[in-house]
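Have a look at the structure below, then the notes.
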Amino acid sequence: MAAVDGFVEAMVASPLGVTLLAMLESRTRRGEGFALSLETSPASVASAAEMVETMTFGAFVDLAVLAGSTYGGPWISDAPSTVAVAYHRAPMRLAIAEAVAERFADELHAPLDHATQQWWTDGHPWIESLAPLFDRFDDVYGAGEFTWGGLWTATGPPPEALVQMAAAWELEAGPITRWRMPVRPEAHVYEIHRPEDWARLVTAHPRQASPHPGWELPGINQHLHHISQLLAAPGQRAARASVRRHVVPDWRSVAGQYDGIHLSWAGFITAEGCTVDIAGGDVSMLRYWFSERTLWLADVFTDPRPAPDPQINFSSGNQHHPPLPPRVIVNRDFILGLLGRRHAS
């Protein structure tokens with residue numbers, strides 16, 4: 001698979017990638033529990049590489065989501081210093097990245113699976129204001145890294161990662177309703193496996209970004225004294241002190257060419273929060289996606305139906321016997337209305 005080429009190099013260049021490598025090494029140190037240790041040694045690197053060889057894919061991506069949302073996340077005050085140290089020590093952890101590529105490369109780079117897409121919601125009333133979707137593409141989040149005019153799905157999320165994914169997506173207010181959203185085979189999907197794939201999308205469909213809200217690029221929340229250590233880290237691609245222009249996708253233009261934009265797990269690990277240069281000196285950055293996901297820009301779905309366990313409640317340990325029924329606010333007619341279909345078939 002051509003997309004697999006260069007994954008190791010991309011992982012050790014990515015802010016999420018280097019943070020994840022530090023987390024994997026931390027898991028081999030006794031007595032540290034789930035704490036992140038930035039220390040490294042040849043012995044613990046070797047132990048981490050061996051640990052990866054026996055990990056499940058679900059356990060691995062669970063750590064990746066935690067790394068991207070908690071330790072290197074856009075709202076974490078000490079993320080710049082954490083990522084800076086992780087960059088300094090990334091060359092010593094190359095064996096861990098190689099073990100990840102050896103064990104998980106195919107799953108990390110898996111293209112969109114049309115049959116296993118899931119849409120999750122906590123049923124918050126604000127979602128009603130989005131209906132119908134696939135029209136207001138100029139209604140964007142943050143600097144424009146995604147549009148509220150689209151619909152998010154995930155590909156058959158691994159059970160081990162469910163809790164972290166829900167937390168990263170900020171679906172923590174109550175029970176989560178999950179629906180299967182099978183996709184028609186003719187849907188035109190753009191795949192993102194690397195930051196450069198995001199750059200190509202932005203180059204083809206550019207739009208001047210709104211002011212960036214985080215610490216990574218110049219904006220209202222960037223304070224250079226907080227990121228000075230990170231800016232000095234060799235090879236870092238997590239932050240810039242100045243840019244000519246910050247460019248994001250023009251989602252209305254993207255929707256004219258693609259039905260959906262799929263970020264693979266490899267794309268998430270290598271591109272989330274990673275600055276990338278665009279022609280002419282501009283800069284872009286995929287941010288706030290937080291996991292493998294697809295942003296749908298058109299109704300390309302067949303018949304929505306509840307997932308096998310349609311309602312889950314992580315706060316109660318998801319102990320439901322039998323499983324809870326779907327919440328009324330997100331029944332089938334509600335979803336069809338959200339998609340812009342007038343009547344249930």
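DSSP assigns beta bridges within the chain; of those with both partners inside it, close to 80 percent run antiparallel.
Counting each DSSP H run of 4 or more residues in the chain as -39500 (n - 2.57), what helix-only mean residue ellipticity at 222 nm follows after dividing by all residues, to the nearest 500 deg cm²/dmol? Helices in the chain give a 222 nm mean residue ellipticity of -9000 deg cm²/dmol. Pair-distance distribution of the stretch 1-115: all C-alpha pairs, bin width 5 Å, starting at 0; shares per bin in whole percent are 2, 12, 23, 26, 20, 11, 5, 2, 0. Rounded to the nearest 10 degrees, the angle from helix 57-66 to the longest Cα principal axis of the chain is 80 degrees. Each residue, ASP303 and LEU231, gets one label point 7 Å from its Cα in the Cβ direction; the gap between the two is 5.9 nm. Within a Cβ distance under 15 Å of ALA233, other residues only, what is the Lys/Arg minus Asp/Glu net charge? Overall, the nearby charge balance is +2. Evaluating 6.51 cos²θ - 1.76 cosθ + 1.60 at θ = phi - 60° for every residue in the stretch 234-244, the Karplus couplings come out as x, x, 5, 10, 9, 8, 9, 7, 8, 9, 5 Hz, glycine and proline recorded as x. Against the main long axis of the alpha-carbon atoms of the chain, helix 15-26 sits at an angle near 70°. Stokes-Einstein at 10 °C, 1.306 mPa s, Kirkwood radius from Cα pairs: D for the stretch 34-192 in µm² s⁻¹? Taking Rh from Cα pairs, D becomes 86 µm²/s. Phi-derived couplings, Karplus 6.51 cos²θ - 1.76 cosθ + 1.60 at θ = phi - 60°, listed residue by residue for the stretch 263-278: 9, 6, 4, 5, x, 4, 5, 9, 10, 4, x, 9, 6, 9, 7, 10 Hz, with x used for Gly and Pro. Here the chain is treated with +1 on each Lys and Arg Cβ and -1 on each Asp and Glu Cβ, and its dipole about the Cα centre works out to around 480 debye.
In square nanometres and to one decimal, what's the mean projected area of the convex hull around the Cα atoms of the chain?
Working: hull surface 70.3 nm².
Taking a quarter of the hull surface, the average projection is 17.6 nm².
Amide H to amide H distances under 5 Å link PHE146 with TYR141, where only residues 5 or more positions off or on other chains count and H is placed in the peptide plane. Taking all protein chains together, ILE220, ILE96, ILE76 sort by accessible area into ILE220, ILE76, ILE96, largest first [probe 1.4 Å].
What FRET efficiency comes out for the pair SER129/GLU102, r = Cβ-Cβ distance, R0 = 41 Å, nearest 0.05? All intermediate terms of the calculation are to be shown ahead of the outcome.
Numbers: r = 46 Å, r/R0 = 1.13.
Using R0 = 41 Å, I get an efficiency of 0.30.
A Förster radius of 30 Å combined with the Cβ-Cβ distance from ARG136 to MET92 puts the calculated FRET efficiency at roughly 0.05.
Pairwise Cα distances in the stretch 176-237 exceed 13 Å for 78 percent of all pairs.
The values are calculated or read from the model by the stated rules, or taken from the named source; none is laboratory data. Not measured: the values here are computed from a predicted model. Because the Cβ atoms are built from the backbone with ideal geometry, glycine has one as well, and the counts that use them run over all protein chains shown. These area figures cover heavy atoms from the full protein model, side chains too; ligands, DNA and RNA do not enter into them. Shrake-Rupley method; radii C 1.70, N 1.55, O 1.52, S 1.80 Å.
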